[in-house]
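Notes follow the structure.
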């Protein structure tokens with residue numbers, strides 16, 4: 001069939017620069033939904049992470065870093081969840097404490113990081129190129 005290769009199964013996320021995969025895996029499973037390894041024509045990288053087991057003292061797990069393309073974080077809490085996710089997002093030296101559901105747009109070349117402080121939910125990331133970084 002002509003479009004059969006356009007139906008893609010997620011794969012478990014690999015280790016990526018600037019991220020502590022050991023800590024990330026302790027809080028929940030992370031999957032790549034789309035990138036150019038899935039489909040050679042993909043010019044986006046989309047990932048999702050289930051966030052379930054955030055330690056009381058949530059460690060930092062992403063270094064301050066930049067991308068040469070725009071990025072989006074989408075933080076979602078589960079419906080009916082009495083404890084929505086609380087997230088710290090840093091742009092350069094500016095610290096923002098936000099609560100899910102929220103979408104965060106990260107312009108290219110802006111130093112940024114994020115960490116989930118508490119709660120349960122899902123993180124979806126969209127990077128405007130097919131590979132990381």
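A short reminder: the numbers here are calculations on the coordinates, not readings from a lab. Only a predicted model underlies this, so the values are computations on that prediction, with no experimental measurement involved. Positions of Cβ are generated from backbone atoms using ideal geometry, with glycine treated the same way; all protein chains shown enter the neighbour counts.
Pull out the extension gain between residue 26 and residue 69, defined as 0.36 nm times the separation in residues minus the alpha carbon to alpha carbon distance; nm, one decimal. Working shown, then result.
Working: separation 43, 0.36 × 43 = 15.48 nm, distance 2.85 nm.
Between residue 26 and residue 69, full extension yields an extra 12.6 nm.
Order the peptides 68-76, 9-17, 34-42 from the highest to the lowest mean number of other Cβ atoms within 10 Å of their residues.
Working: 68-76: 16.7, 9-17: 11.7, 34-42: 14.8.
Final packing ranking: 68-76, 34-42, 9-17.
Got the relative contact order for the chain handy, in percent, Cα pairs under 8 Å and 6 or more residues apart?
31
Taking P(r) over Cα pairs in 10 Å bins from 0, in percent straight from the coordinates, which label in (i) 11, 30, 18, 11, 8, 7, 6, 5, 3, 2, 0; (ii) 10, 24, 25, 27, 12, 3; (iii) 12, 43, 34, 10, 2, 0 is the correct one?
Calculated P(r) over Cα pairs in 10 Å bins from 0, in percent: the matching label is (iii).
Got a sec? Which residues in region 103-133 would a label at residue 81 touch, if it sits 7 Å along Cα→Cβ and we count backbone N under 12 Å?
From region 103-133, the list is 116-124.
Subtract the Cα-Cα distance of residue 57 and residue 6 from 0.36 nm times their separation in residues, and report this length gain in nm to one decimal.
Roughly 14.2 nm would be gained on extension.
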